[in-house]
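Read through the structure below, which is laid out as structure tokens, and then see the notes.
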Amino acid sequence: MKIKALKGFKDIVPGEVELWQYLERVAREVFDRFHFREIRMPILEETELFARSIGEATDIVEKEMYTFVDKKITMRPEATASLLRAYIEHGLYVQKPVQKLFTIGPMFRHERPQKGRLRQFHQMDIEVLGSENARVDTELMAMGAMLFDELGLTVSLELNSLGCPECRPGYRAMLLEYIEARHDLLCSDCKRRSTTNPLRVLDCKVPSCREQILDAPSILDHLCGQCEDHFQQVQSGLEQLGVKYQLNKFMVRGLDYYCRTTFEFITTDLGSQAAVAAGGRYDGLIETLGGPKNSPGIGFAMGMERLVLLLQQLDQSVVEADTVDLYIAGIGDQGARVGFGLAHEIRAEKFSVAMDHEGRSLKSQMKQAHKTGARFVLIIGDAELESGKGILRNMGTEEDQQDVLLSAQSITECLLKK
RNA sequence: GUGGGCGUGGCUCAGUUGGUUAGAGCACCUGGUUGUGACCCAGGAGGUCGGGGGUUCAAGUCCCCUCGCUCACCCCA
């Protein structure tokens, strides 16, 4: 019986991992430009942390978490809660009132896997803690847009506001009334949602439900003065920076902690997993988790599997082919022995060197060199050992240089010349 | 948790109305004269046809069960 990876858990093998490295490299570079700093947290946390932040009644907490019940610990299903815990625990808000942080790593949710959705998945998570200025919201979305643009991905930004504890309850009551009046016309899921989370009815995909909610009251028409003002500033900021966006008054969030600004970066190229990144503001959350009072925050997470899938759909290859500077082909035991030593010395000079130790024929080694994408091949056989000079073949031009001294120094000089 | 589709060598797949030793392409290995990479040619290795049971003289091909993968619902990044 062969042992295989668990359902929903995937290996990222050579040939595939390069794209992940590329994604991460570009992202880190962009984060750096906006002056975000990295933070890394453990994968396991107290279960309580997620119950309190994400919300007891959410699907994530109710049925999707990997929890060690006896130890009361859970593998993180998302990054924000852990990041805030660390932020509070280390008193980062004391050192610097506004913190801009990012983290990259695996998250775990026990769901049925499908395209762009795994049980262990990876997110890049960005958070700005300690500011409620609308420019922060704008900058965050602008950064996301810039990153996707530089990756060559076509995604659109959808924006909404969820209001705050001042204005949401009133709106919620109004919506509930609207939904109740049409209760019989809704799908069975929405009937359930109307009691568990009425806002969710707004983004039901069933056509008949969509029809019913067309004239539903919009939160955007019922924001309190402050939220309205804040939302206007966010929008004018996006316009100032030339970031295209679309208002979506039906967009809701699955995690309880969101308020005010919420947004999603959407693609049409991933089947049902449209959101490649999503997030929003969570102004009361830091306090809820034991941090300083009146401490606002906003952040978003990007699904790396989804981004990699999109990158794979691009025709142009963004990843460099497999290549080495030099392949050493040793013929016979002595040739291989000398090559073995030279390879080590040349590697110490910061060149990449490949050779095999299987005692293959020269022809076979040349084939290996070709497949490896070697720029040069150094041939060392009996004749070369005798003269002390090797043959250096340029794999591009097919030229052989006959008189290369078998020393790391003269070989590296030749490599530098080309 | 609920549905649909699919499970043949590393990968992509053929396998006819069930019938002799299960095939192809790609990839891999070794050769094509004595020490050289494309292509080509020859040869080779590699599969208990997901697993179990049943029908039959005979099953990769039919039936049942089971496991796995996948897409979708739900939910979400």
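Before moving on, here are some points about what is shown:
- Matching residues, the stretch A:1-13, being surrounded by 13 or more Cβ atoms within 10 Å (Cβ to Cβ) and near RNA strand B (Cβ under 10 Å from one of its atoms): A:Gly8, A:Phe9, A:Lys10
- Restricting the stretch A:14-58 to residues that are part of a loop (DSSP other than H, G, I, E, B) and of a type in the set (Phe, Trp, Tyr), the residue that is least open to solvent (accessible area, probe 1.4 Å) is A:Phe36.
- Residue satisfying condition, being within 13 Å of RNA strand B (Cβ to nearest atom) and either touching a residue at least 12 places away in the same chain (Cβ under 8 Å) or buried (at least 21 other Cβ atoms within 10 Å of the Cβ) (or both), within set A:Met146, A:Met107: A:Met107
- Looking only at residues in the stretch A:110-143 that are part of a strand (DSSP E or B) and charged (D, E, K, R), the one that is farthest from RNA strand B (Cβ to nearest atom) is A:Glu127.
- Verdict on A:Asp70 being more than 16 Å from RNA strand B (Cβ to nearest atom) and within 23 Å of A:Ser131 (Cα to Cα): no
- Candidates are the residues of the stretch A:382-404 that are farther than 25 Å from A:Thr323 by Cβ, modelled with pLDDT of 90 or more and not basic (Lys, Arg); the one that is nearest to RNA strand B (Cβ to nearest atom) is A:Ala383.
- Scan of the stretch A:191-202 for residues that are within 21 Å of A:Gln273 (Cα to Cα) and more than 8 Å from RNA strand B (Cβ to nearest atom), ordered by number: A:Leu199, A:Val201, A:Leu202
- Flag if A:Met124 is more than 25 Å from A:Asp229 (Cβ to Cβ) and open to solvent by less than 20 Å² (accessible area, probe 1.4 Å): yes
- Among residues of the stretch A:1-27 that are more than 25 Å from A:Leu314 (Cα to Cα), those with a beta-carbon under 8 Å from a residue that is within 12 Å of RNA strand B (Cβ to nearest atom) and not small (Gly, Ala, Ser) at least six positions away or on a different chain give the pairs A:Ala5/A:Asp11; A:Leu6/A:Arg119; A:Lys7/A:Pro113; A:Lys7/A:Arg119.
- Here A:Ser82 passes the criteria (1) within 30 Å of A:Ala5 (Cβ to Cβ); (2) surrounded by fewer than 16 Cβ atoms within 10 Å (Cβ to Cβ) except the one numbered (2).
- Within the stretch A:336-377, considering residues that are part of a helix (DSSP H, G or I), near RNA strand B (Cβ under 8 Å from one of its atoms) and not polar (S, T, N, Q), the one nearest to A:Lys389 (Cα to Cα): A:Leu362
The values are calculated or read from the model by the stated rules, or taken from the named source; none is laboratory data. Just so we're clear, the structure is a prediction, and the values are computed from it rather than from any experiment. Here the Cβ is made from the backbone with ideal geometry for all residues, glycine too, and neighbour counts use every protein chain on show. When the accessible area is computed, the model is the full protein with side chains, heavy atoms only, and any ligands, DNA or RNA have been set aside. Shrake-Rupley method; radii C 1.70, N 1.55, O 1.52, S 1.80 Å.
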